[in-house]
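Below is one structure, written out as structure tokens, with a few remarks after it.
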Amino acid sequence: MTRLQAEAEVVDSLPPIGVLQCEACNCRVTGICSLHCCVDCAQTNGVHHGEQCLQVPLEGFAWDGCDKSYVIFAQRLRSLLTKLGPIHLCSLPHGWDEEYGEGSWAEERPVRSASKACSPPYASGITIIGGLVYVVEELPSEQADFLEAGEVDMARVQGLSAEACEAVESEFAAATGGYEVSTLLARAGAVWRCRLSLSLSSDCGLGSGTGGVEDQDHVELTENGFGTGPDGAVLMARIRLLEKLGRWGESADEQLLHSAMAQAKQLEAEMRAFLLKAEDAAGLRRSPPGHDGQDADGQCPLYLEAASQSLRSRLEAMVNVLCQLLIEPPRCRGTCWALLGRVWPHLLAAQDESWGRRLGQAARSSPTRPCLALWSKMAEAAAWHTDYPGLEILQDLHAEETQTNVAAAYAQHHLFSLMLEQRAQLRQELEKCSSHSSERQRPVWDLREDGFGCSFDAAIGSGSIGKFDAVLMVPAGSGQESPGLICEMVGDSRVVSRAGLSTRSGGVAALCTLLACPLLEVSGLAFHATVHVRQRDALHAIVPVRKGKPFDLSMRGAIIETWALAAERHDAEARLHLGIELAGSMPQSFEPKGGDIQANSGLEEAKLCDGSKGGVLLGSLTAAQKLAVNNATSRCVSLVRGPPGTGKTHVAAAIAVAACARLPEATRRVLAVTQSHAAAANLHKRLEAFGASSARIGTTLRPSEVTEQAAFETVRRRWSDDADVQLLLGASSRGSSDVGMKSVELQRAQFAVMRRMARLSQVVVLTCASSGNAGLLQGMGGFPLLVLDEAAQCVEPSPLVPLSWGCEGMALVGDEKQLPATVLDRTAECRNLGVSLFERFVRDGVVSLGAGFVQLDEQRRMHPSIAAFPSKAFYAGTLQNGADMAETRPAVPGFDWPARECRVCFVNCGAGGQETGRSHSNLREAELLLQVLCRCLACGTPASEIGIVTGYSAQQALLKRMVVDLGSAALGLRVDTIDGFQGAERDLILASTVRANYSVGFMKDPRRVNVLLTRARRGLIVFGDAGTLRSEAYTWSPWVDWVTSMGAIMSAAAVVECCSRELPPPPPPASAPPVHLQSAGMAVPLLPTAPSAPSSERDTPSTAAWLAPPAARHEPERTGPERQDKDLEGGSWEAYLDPASNRIWLFNEVTEEVRWKD
């Protein structure tokens, strides 16, 4: 027996573990090679076998159950492919789990590799082409027509150049973007047949009309292609279909296109050579100065500059060819645009505006248009360039699908707006980049399809950067005039170049300098790139070019058709009339799939399902809140407008609870999303208060935020010994760590635990952006109802992300009369990016009052006097006050309110005092505000219950610096802009309007004024110039008139006088009872110490004694032995020690008189 035969017997005796079949042939693996039957087979890909190869067929394995197991797997795989069509290998495990149950792929796959599992012997009749898995039909091998057709087609394929074959794939992808593509493969002996079918039916898309879904003629085309292999058969079938569509030819124009494609390959080859020379230059720079080839001034070597000039010439030649192809395109016009998209990143990197103008003119003059996917890819690349007008080149270039598909027009419109906003956010981040920490890295460059790639030895952010979407790289030790490169992060230690940034020289020259630099300074940039990506994905998903897209048809129609109406009709009245008509034609009732829904509103059943606590809370809803809940659980689209203090989040939670009670058992799931993490946490707390089965998930949550949830306790009880659960518990007990600094293992464990929490809960709470993380919600199926809190603060593409889970109904809760989403780019704002879906539905009458739209009408936040003007000015006087609001909102002590029953005061600071720069500030207002703040703090108002609000960041910074000087007395005090304070509330609000030059600026926005005037519970004091505020006639002038009529206006001098009066001392701390002076008969509370300048004789007792924290305290000074009651007229006095002056001051409880003891 030879060694090989002995080895084969050993293999026969072992169970089939791992890879059993040779990767290149149908023989078994004998052990000589780990993946092949022999070394020669591995080297020749199965063509030749060495003498040592036994060539034992795979069927020779004798293992009971093996063949049966493979047969079952193959049957299920063929059934899946027949149902879904060809599946990409990367998507096969997910598709398998969706069809056969979560985790079934991991349990049923015969081998670990998906590609091997789809190959013999595990799956017969299956083939993989271009990463796609196809079903193959086996036909009799003696079919003569197959053999004859195969010879003809293969002769034609052999005559095609590599560029022509590449053009076929590119053109087919562009030409079939709006079709359903069906691919059937068959084999007769050695000949393959590919049958391609294209179809477009009326339910695949929205037409160009304005009244609804248009009926389109059913289009169906079928062609066959033959070849000696599946690749050749597919190629010929595509060529025949393209010829039938008029998208393929072999004329001189096509030859020019193929030549241009060859030039593109040469361009990429030259770029790789350029990178090699740049690496050589970087190596020279690591050498001492004066080394061979290096310039004396440290600039790029001369040979590298020559290479950059050659590269620039090659790019310019490419621009010339592209302009010619765009103006006079060949029949395969899609490939022309694909070629432009291929070289587009390199052209942007050159930053030559003349090239951009030429390409823009050629593109607009072209009789053809790019597909939406290609246009979007080019716009994404251009959005990274803050100094180059790449987006403007694409602005008027409409995608091909937009001519007949309203959904495509809707998507392109919002995609462009999002790109503009991303560029504006990136510009803003670059302005702040100098304040970010940086680190030095040594780069290693390579060329990618979408730009230059760069790898580093160490992970970016391992030291001081943290979580960022991109980085700015500049030569280490360079000044502000040096060029920079913006790169997107694609890994811990890898980035991809997106845009050059230079103040002196741009384009290829700046890129040359950066690529030749051996050491780079890397700074992080954070601008919500992940949010933009998920919103773009949702916009692409709403374009119905394929069946099976997740968007519900009624939801899609409500969103897209109403947008088309608004875009075509600028007259508000006409828009409203047509919107109401469209609303009447939309489905009104909410009837989710999966079973019969309950007939009642869900409120009574929710009480029974969620226990006594939830029942009590649901029963406390007002009439308007109950109507809002009923609408949300019975209508496809419902809106809830919640003015300040009316309980929007309370209603959103009640809707989710009632919906769970009403939905069928099989689909009892609600997706509750918000725009911000703080709002998501607040909503989840309300749901837990209702007793709802809910989980809050998201990749940015700290471990403690996960483990403190009731849903985690459910997971912990069920999987008490699970390693992921224990790891998360340990991390939580050690403290809340920053998500960006969590270990990879901890992130994986937290992700797995949150997925379990979501599956076990009826309501899943997360942000709009987090809902785009498919992994978090994997295996949960769809969500019948979407509840969106803060709906008026979302840009329109934002709710599309959660809606892509197939929600059949949505309840939008918000207030369009408060601040919308912040939009930085002026053009994007003019394109209505800041108009939320909620506001558009209200504006256009898609959902009207009494027909799915409810306004909450009872506020329980503000004193009635604070709510009076906002109710009249912004809500037509419909906002009512809750019971006993006046009694439960007493006046804030320490301030002499000019009108006894009014808790609003306007301090007229007068003109002047304003400083103007990039933002605005007003020192006079800030000083007056600080005096009022100190007085209120001194009288016992906690700092945590005081908010300082202003409209300008410069004033915010000024006030923060002044508040810091108060020390620990101001701990918990919040100083923020109006935009940042939206959604928050405090007992006392001190507001600074800043402007004092008879122009209120952006403070004229009534929504901003509404937020400013409705944050306070017990007191609102506004500082400003009456003349300037009166210059704005719509909101501020009526408000000044109102406070004047209420007698609630004070001058600056009156405020100074008020704050200079002697104050009654604060009550003694409850934790430190006063110590009585035995000899004097006076009570001296234990007072704190605090550093302060000594007070003068005429001063009141030092404010520092009142403001200091109650942590460290003085022992009271004791007076002499004789009693002094006779010297203290007027009744009972209390003595207090002023640590600033070391003197005792007295307070009379009867007369409230304050004076020094000596």
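The values are calculated or read from the model by the stated rules, or taken from the named source; none is laboratory data. The structure displayed is predicted, hence computed values, not measured ones. Glycine gets a Cβ as well: all are built from the backbone with ideal geometry, and neighbour counts include every protein chain shown.
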Does region 673-690 contain at least one residue that is farther than 26 Å from G809 by Cβ and not hydrophobic (A, V, I, L, M, F, W, C)?
-> no
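Quick one: which residue in L766, L776, L786 is more than 18 Å from T562 (Cα to Cα) and part of a loop (DSSP other than H, G, I, E, B)? Walk me through how you get there before you give the answer.
Values: L766 fails: part of a loop (DSSP other than H, G, I, E, B); L786 fails: part of a loop (DSSP other than H, G, I, E, B).
Unique residue meeting the criteria: L776.
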Which condition number in (1) surrounded by 17 or more Cβ atoms within 10 Å (Cβ to Cβ); (2) at pLDDT 85 or above; (3) in a helix (DSSP H, G or I) is the one that E169 fails?
-> (1)
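Residue-by-condition table, conditions (1) in the same structural domain as P820 (by TED's automatic domain parsing); (2) modelled with pLDDT under 85; (3) farther than 18 Å from C936 by Cα:
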| residue | (1), (2), (3) |
| --- | --- |
| L1012 | no, no, yes |
| R1030 | no, no, yes |
| M1046 | no, no, yes |
| M1050 | no, no, no |
| S1079 | no, yes, yes |
Does L1020 satisfy the condition of being in contact with a helix residue (DSSP H, G or I) (Cβ under 9 Å, 6 or more places away or on another chain) and within 24 Å of E816 (Cα to Cα)?
-> yes
Enumeration of residues in region 881-892 that are part of a loop (DSSP other than H, G, I, E, B), buried (at least 16 other Cβ atoms within 10 Å of the Cβ) and not aliphatic (A, V, I, L, M) | G882, R889
Filter region 329-373 down to residues that are outside any helix (DSSP H, G or I), out of contact with any Pro (no Cβ under 9 Å at 6 or more places or on another chain) and on the phi < 0 side of the Ramachandran plot, then give me how many there are.
-> 7
Residue check for R961: crowded, with 17+ Cβ neighbours inside 10 Å and either touching a strand residue (DSSP E or B) at 6+ places or on another chain (Cβ under 8 Å) or in a helix (DSSP H, G or I) (or both) = no
Taking the options T633, T699, T649, name whichever one is surrounded by 24 or more Cβ atoms within 10 Å (Cβ to Cβ) and in contact with a helix residue (DSSP H, G or I) (Cβ under 8 Å, 6 or more places away or on another chain).
-> T633
Subset of region 899-931, residues surrounded by fewer than 21 Cβ atoms within 10 Å (Cβ to Cβ) and either part of a helix (DSSP H, G or I) or not assigned by TED's automatic domain parsing to the domain that holds S1031 (or both), comes to L923, R924, E927, L930, Q931
So which strands (runs of 3 or more DSSP E) stay within region 970-1046 end to end and still have 2 or more residues that are out of contact with any Ser or Thr (no Cβ under 7 Å at 6 or more places or on another chain), under 26 Å from R918 (Cα atoms) and charged (D, E, K, R)?
-> 974-977
When restricted to P893, P942, the only residue closer than 17 Å to A1016 by Cβ and at pLDDT below 90 is P893
Scan V842, V813 and give me the residue that is within 27 Å of the chain's Cα centre (by Cα), modelled with pLDDT of 95 or more and β-branched (V, I, T).
-> V813
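In a loop (DSSP other than H, G, I, E, B) and at pLDDT 90 or above: which single residue out of G698, G735 fits that description?
Checking each option against the conditions leaves just G698.
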Just wondering, is there one or more residues in region 864-880 that are part of a loop (DSSP other than H, G, I, E, B), buried (at least 23 other Cβ atoms within 10 Å of the Cβ) and at negative phi?
-> yes
Criterion (under 30 Å from M489 (Cβ atoms), surrounded by fewer than 18 Cβ atoms within 10 Å (Cβ to Cβ) and under 33 Å from the mean Cα position of the chain (by Cα)) met by exactly one of Q395, Q403, Q351 = Q395
If A164 satisfies every condition in (1) aliphatic (A, V, I, L, M); (2) touching a Leu at 6+ places or on another chain (Cβ under 6 Å); (3) part of a helix (DSSP H, G or I) but one, which is the exception?
-> (2)
Tally of residues being of a type in the set (S, T, N, Q) and free of Cβ contacts under 8 Å to residues at least 24 places away in the same chain across region 680-698 = 0
